[in-house]
Structures are given as structure tokens and as C-alpha cells.
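Notes to accompany the following structure.
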Amino acid sequence: IEELKRLAMIDQRLSNIEDTNRHIYREMQQANKTLTGINNTLTNIESQVEDINKNTAMIAVSQQQAAASLNWIEWNSYR
């Protein structure tokens, strides 16, 4: 009888471990989904930052061209 009681206790503990493992597995799946979402968001942000950098460079070139044109107009107006 004592052996059966010990076996029943072991079975209960194994069942608890199995339940805990299932819970951990579900939590890990959720964490993976969350991390995938974060990764996708960061990828989108990186793409937007690249676009901003390209636009900033284009604006800088346009400003340089505008300044050169203004200098040319000023130079020609004083001739």
C-alpha cells in the first residue's frame, strides 16, 4: 500500500510537471509572437529611417543648388 501511495504521489507530481511544461510552452509561443512583432516593427522603423536619410540628403543637395543659383543671380544682377 505504501508503494502504491508513493507511485500515486509520483504520478501526481509528474502530472503537475506536465501541466507546468504545457504552460511554459504556451508562454514561450506567446513570447515568440511578441518578439516577431517587435522585430517586424523595428524593420519598418529601419526602413523609414533610411528613407528619411535619403530625403535629408536630397534636401541638402537641393539647398546647395538653390544657394548656388542665388549666388549666380546676385552676381549677374550686379554686372
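The values are calculated or read from the model by the stated rules, or taken from the named source; none is laboratory data. Because the structure is a prediction, the values reported are computed rather than measured. Surface areas here come from the heavy atoms of the whole protein model, side chains and all, with no ligands, DNA or RNA. Shrake-Rupley method; radii C 1.70, N 1.55, O 1.52, S 1.80 Å.
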Q: Within segment 65-79, identify whether any single residue is basic (Lys, Arg) and modelled with pLDDT under 95, and answer yes or no.
A: yes
Q) Do you know which residues across segment 30-44 are open to solvent by less than 80 Å² (accessible area, probe 1.4 Å), more than 8 Å from the chain's Cα centre (by Cα) and not hydroxyl-bearing (Ser, Thr, Tyr)? A) Ala31
